[in-house]
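Structure record follows, encoded as structure tokens.
The values are calculated or read from the model by the stated rules, or taken from the named source; none is laboratory data. Small disclaimer: the values here were computed from a predicted structure and weren't measured. A quick note on method: Cβ atoms are made from the backbone with ideal geometry, for glycine too, and the neighbour counts reach across all protein chains shown. Each accessible area value is taken on the protein alone, full model and side chains, heavy atoms only, with ligands, DNA and RNA left out. Shrake-Rupley method; radii C 1.70, N 1.55, O 1.52, S 1.80 Å.
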Amino acid sequence: MADMPQPAIDPWNKPFWDACEQEKLVVQRCGETGKAWFPPSPVSPYAPAAEWDWMECSGEGEVLSWVVFHQKYFAGFAERLPYNCALIKLDEGPLLVSNIDGSNDAISIGQKVRVLFERRGDVNVPIFTAAGRS
Amino acid sequence: MRDKVCVVGVGNTRYGNFPETDSYGLGAQALVAAVEDAGLSFKDIDGLIVNRIPSYERFAQMVGINPQFCLPTDMAGRFASVSLTIAAQAVASGAAETVALVYGNNGRSKRMLYGGAEGGQWNPWGMTSPGATHAMMWRMHMDRFGTTTDDLGRVASTFRQHASMNADAVMRTPFTLEDYRQARPICEPLRLLDYCLINDGGVAWIVTTPERAKDLRKPPVYVSGYAQRDVFDQATPRDDFWYPALQEVAGEVYDRAGIGRDEIDGLMIYDNFTPTVLFTLEGLGFCPQGESGNFIKDGILELGKGRLPANTNGGHLSESYMQGWALIAEAVRQARGECGDRQIEGARAIQYACAANIASSIIFRRD
């Protein structure tokens with residue numbers, strides 16, 4: 001099986017991917033406004049001069065939208081076609097794109113989801129599943 | 001800014017698969033056509049903007065010009081309008097008198113891929129390609145407003161019908177809504193016919209002052225007004241369909257041009273994917289938000305039928321994906337009355353608009 005596409009690690013997202021190794025979902029939080037953001041970056045977009053810290057998320061969120069890929073763009077995803085990608089709003093505020101575990105047909109907008117981690121190559125990738133499922 | 005600058009020349013190559021040339025060759029060919037169209041000589045050009053041509057310096061060498069104003073612009077299609085407005089500002093300020101803007105793209109013969117590039121933010125999840133971004137936004141739009149993929153199909157089939165009247169268009173065979181429904185899914189909810197056509201091609205425009213335009217070959221087409229809003233605050237596909245940004249653009253562009261929305265005779269809408277057409281109609285206020293599906297369903301965008309013919313060259317969906325450049329050339333030709341079978345009768349004011357993270361619009365006017 002072809003390799004899954006890997007993240008481009010930079011100084012700002014390295015703590016995020018390191019936390020994924022511990023099965024923790026973390027985002028940065030602005031010291032001035034208290035707002036959280038993703039993807040990781042050197043300063044707070046809400047107050048670039050302010051301090052910030054990393055916070056661990058609850059792992060809970062909501063599906064805002066989703067798509068199903070039929071076109072192969074990555075060799076590593078070829079065997080997963082058709083696979084979904086979903087736009088998720090974390091309870092802490094930030095939006096991110098991820099995958100929903102399970103059938104594409106079971107996804108709906110507004111659905112509550114929670115994080116889990118899947119090994120893809122060298123990284124633990126945070127994906128989501130229906131919040132009620134064990 | 002009103003009417004201080006005009007487009008006096010436009011030119012384009014054919015569109016298709018041309019491995020025998022490259023973006024320099026395509027750009028040069030388009031510029032030769034634009035210079036001829038304007039009735040200018042290359043010596044008259046004292047400003048140069050290039051897009052998707054790797055080196056502005058090499059390009060200027062090739063066409064033998066030493067301008068006093070020169071700029072390469074970012075390869076994203078949203079930079080078609082940005083390039084034109086920067087040229088307009090240079091001319092209006094006196095930094096240059098006659099600016100050539102040149103686009104050359106050999107993405108098809110080079111097998112340029114829009115999706116799957118290394119380093120993408122969402123690659124570990126398989127999320128890639130502009131098409132997927134628009135698919136994600138359209139799903140939200142359908143959920144929130146009850147629009148459907150058939151609404152997209154009507155956009156696509158309308159533009160194909162227009163392309164059937166354009167010898168430059170790559171795809172000219174009309175299709176029905178049923179054909180659209182049968183097209184293979186690429187990234188659901190979008191299908192093949194929702195996607196633009198990657199091709200090789202070149203487009204050039206020449207802008208100058210109204211005074212300089214007086215003794216040139218073609219009637220000048222004024223850059224009557226323009227407006228732009230940049231929205232860079234979401235790393236994901238946007239959840240607002242660029243509506244607030246486009247509303248702000250609409251709030252300025254008509255005032256700046258000095259005409260109302262109801263005086264617009266035709267639209268050139270950046271159609272990299274069908275949803276942007278509907279987002280644009282809503283954002284600019286041609287219909288209320290969420291109503292674009294109903295708004296277009298009786299053919300308002302169709303040439304010879306509706307009041308607002310759109311993308312009369314076939315647009316990116318059926319002519320070729322020239323990233324806004326060919327749409328603006330079409331706006332100029334429509335305002336001049338040069339479009340033959342696909343001419344919008346009596347066209348005087350044509351509006352270009354792009355729904356993207358740089359949301360923009362330009363109104364072109366003949367008089």
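Values computed for the structure shown
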{"item": "The range B:108-154 - residue that is in contact with a Leu (Cβ under 9 Å, 6 or more places away or on another chain) and away from every other protein chain (no Cβ under 12 Å) and, of those, nearest to B:Tyr24 (Cα to Cα)", "result": "B:Arg108"}
{"item": "Residues (surrounded by fewer than 22 Cβ atoms within 10 Å (Cβ to Cβ) and aromatic (Phe, Trp, Tyr)) located in the range B:171-211", "result": "B:Phe175"}
{"item": "Positions within the range B:12-52 being surrounded by 23 or more Cβ atoms within 10 Å (Cβ to Cβ) and assigned to a loop (DSSP other than H, G, I, E, B), in sequence order", "result": "B:Thr13, B:Tyr15, B:Ile45, B:Arg52"}
{"item": "Hey, A:Val63 of a type outside the set (S, T, N, Q), over 28 Å from B:Tyr114 (Cβ atoms) and more than 8 Å from chain B (Cβ to nearest Cβ) or not", "result": "no"}
{"item": "Residue ID - surrounded by the fewest Cβ atoms within 10 Å (Cβ to Cβ), chosen from residues in the range B:66-86 that are in contact (Cβ under 8 Å) with a residue 24 or more places away in the chain and over 18 Å from B:Cys354 (Cα atoms)", "result": "B:Gln68"}
{"item": "Residue satisfying condition, being outside any loop (DSSP other than H, G, I, E, B), touching a helix residue (DSSP H, G or I) at 6+ places or on another chain (Cβ under 9 Å), farther than 30 Å from B:Thr176 by Cβ and of a type in the set (Ser, Thr, Tyr), within set B:Ser157, B:Ser81", "result": "B:Ser81"}
{"item": "Test: residue in the range B:149-165 that is crowded, with 24+ Cβ neighbours inside 10 Å and of a type in the set (Lys, Arg)", "result": "yes"}
{"item": "Qualifying residue in the range A:10-32 (condition: outside any loop (DSSP other than H, G, I, E, B), open to solvent by 50 Å² or more (accessible area, probe 1.4 Å), within 12 Å of another protein chain (Cβ to nearest Cβ) and charged (D, E, K, R))", "result": "no"}
{"item": "Qualifying residue in the range B:122-137 (condition: surrounded by fewer than 19 Cβ atoms within 10 Å (Cβ to Cβ) and more than 22 Å from the chain's Cα centre (by Cα))", "result": "no"}
{"item": "B:Val231, sole failed condition from (1) of a type outside the set (Lys, Arg); (2) out of contact with any Phe, Trp or Tyr (no Cβ under 7 Å at 6 or more places or on another chain); (3) within 14 Å of another protein chain (Cβ to nearest Cβ); (4) touching a residue at least 24 places away in the same chain (Cβ under 8 Å)", "result": "(2)"}
{"item": "Enumeration of residues in the range B:292-313 that are open to solvent by less than 30 Å² (accessible area, probe 1.4 Å) and among the polar types (S, T, N, Q)", "result": "B:Ser292, B:Asn311, B:Thr312, B:Asn313"}
{"item": "The range A:79-115, subset part of a helix (DSSP H, G or I) and more than 10 Å from chain B (Cβ to nearest Cβ), residue farthest from B:Leu113 (Cα to Cα)", "result": "A:Ala106"}
{"item": "Condition met for A:Gln6 (under 30 Å from B:Tyr114 (Cβ atoms), open to solvent by 20 Å² or more (accessible area, probe 1.4 Å), within 11 Å of another protein chain (Cβ to nearest Cβ) and polar (S, T, N, Q))", "result": "yes"}
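Rundown of residues vs (1) part of a loop (DSSP other than H, G, I, E, B); (2) closer than 30 Å to A:Lys72 by Cβ; (3) of a type in the set (Asp, Glu); (4) touching a residue at least 40 places away in the same chain (Cβ under 8 Å), yes/no style:
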| residue | (1), (2), (3), (4) |
| --- | --- |
| B:His134 | no, yes, no, yes |
| B:Arg144 | no, no, no, yes |
| B:Asp168 | yes, no, yes, yes |
| B:Arg172 | yes, yes, no, yes |
